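Student: The structure under discussion is supplied below as structure tokens; questions concerning it will follow.
All of the numbers you see were taken from the coordinates with simple rules; none came from a lab. What you see is a predicted model; the values in this text were computed from it and never measured. Here the Cβ positions follow ideal geometry from the backbone for every residue, glycine too, while neighbour counts run over all protein chains shown.
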Ligand code: FPP
């Protein structure tokens, strides 16, 4: 069964299984308070805690957060430095709590560019929480959707070179299974805070059929209520996956699934 079929099975359930968030607006939140941008990122971590807790209460299975894009290295050196320190300290301080709450932590992105210390913290937290199954928290760090597709393409090219697959047999599934989280469902709901209407090279392939939700709320102000509002908006959408609304309403999709 392909991942898209799995998502179609989920179709119009009221609570998304997988929510992916671009946490935008930390800098502006800080600027409004005449604080350094980095204070906005610190406040952003508190918002992560609130949203994670609410996701657990609402029965969301996977929460993917865009913590640092491949392009974020272009920011002022000092800001990048503070963000890296924040990742290390957050992991040091929060891994135990995540573990106690049954949360599995996973990272996607090119980790090789991070300091030894951060790479070590990442692998410690992944290892410690690997058997938890209540909720999976995916942190996209030094991640880019194009990078993800590129690394999948390289894996396919290597398999063709080795002769394990033929060029003609390459399918959507071949790409899907080589992306960063092949075993997780595709996001049902994408949220971007901070009033911008962009995907910004987040999960490009995986967002193909995801419901998009944008809010002006700056990330540090995003809380349990904000998440409930996003889930409410999602519940009001009809996911069609290319079918007509008449087909969906007549239960055609469910009959197809049962075949
Ligand atoms: C975008 O806001 C935010 C980031 C690039 C960093 C997000 C990181 C966190 C919230 C920390 C999370 C940490 C963990 C461990 C999950 P911006 O700076 O672009 O805001 P602006 O558009 O207002 O300038």
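Student: Separation of region 182-259 and region 48-96 by C-alpha centroid, Å?
Tutor: Going from one Cα centre to the other spans 21 Å.
Student: Which value in deg cm²/dmol, rounded to the nearest 500, describes the helix-derived mean residue ellipticity at 222 nm for the chain, given -39,500 (n - 2.57) per DSSP H run of n ≥ 4 and division by the residue count?
Tutor: Only helices count here, giving -14500 deg cm²/dmol.
Student: While we're on this one: Between residue 167 and residue 89, what is the label-point separation in nm under the 7 Å Cα-to-beta-carbon projection?
Tutor: Taking the simple label geometry, residue 89 and residue 167 are separated by 5.3 nm.
Student: Looking at the chain as a GNM with Cα springs under 10 Å, which of 134, 192, 74 has the largest mean-square fluctuation?
Tutor: In the Gaussian network model the winner is 74.
Student: A further question on this structure: What residue among 42, 247, 206 has the largest mean-square fluctuation in a Gaussian network model of the chain, using Cα springs under 10 Å?
Tutor: 247
Student: Sticking with this structure for a sec: Cα atoms only: what Rg and Dmax, in Å, come out for the chain?
Tutor: 19.1, 60
Student: Then there is this: Return 24, 110 ranked ascending by Cβ neighbour count within 10 Å, so the fewest neighbours appear first.
Tutor: So the residues, fewest neighbours to most, are 110, 24.
Student: Moving on to the next point. Kindly provide the Kirkwood hydrodynamic radius of region 78-123 in Å, to one decimal, from all pairs of distinct alpha carbon atoms.
Tutor: For region 78-123, the Kirkwood estimate is 11.4 Å.
Student: Relative contact order for region 136-259: what percent, with Cα pairs under 8 Å and sequence separation of 6 or more?
Tutor: 21 percent
Student: If neighbour count is taken as other Cβ atoms inside 10 Å, put 241, 181 in order from fewest to most.
Tutor: So the residues, fewest neighbours to most, are 241, 181.
Student: Percent of Cα-Cα pairs more than 23 Å apart in region 95-238, please.
Tutor: The calculated P(r) of region 95-238 puts 51 percent of pairs beyond 23 Å.
Student: Among 73, 219, 29, which comes first, then next, by fewest other beta-carbon atoms within 10 Å?
Tutor: 73, 29, 219
Student: Beyond 20 Å, what percent of the Cα pairs of region 6-91 remain?
Tutor: The calculated P(r) of region 6-91 puts 44 percent of pairs beyond 20 Å.
Student: Based on the Cα atoms of region 23-156, what semi-axes does the equivalent ellipsoid have, where each is the square root of 5 times one gyration tensor eigenvalue, given in whole Å with the largest first?
Tutor: 23, 21, 15
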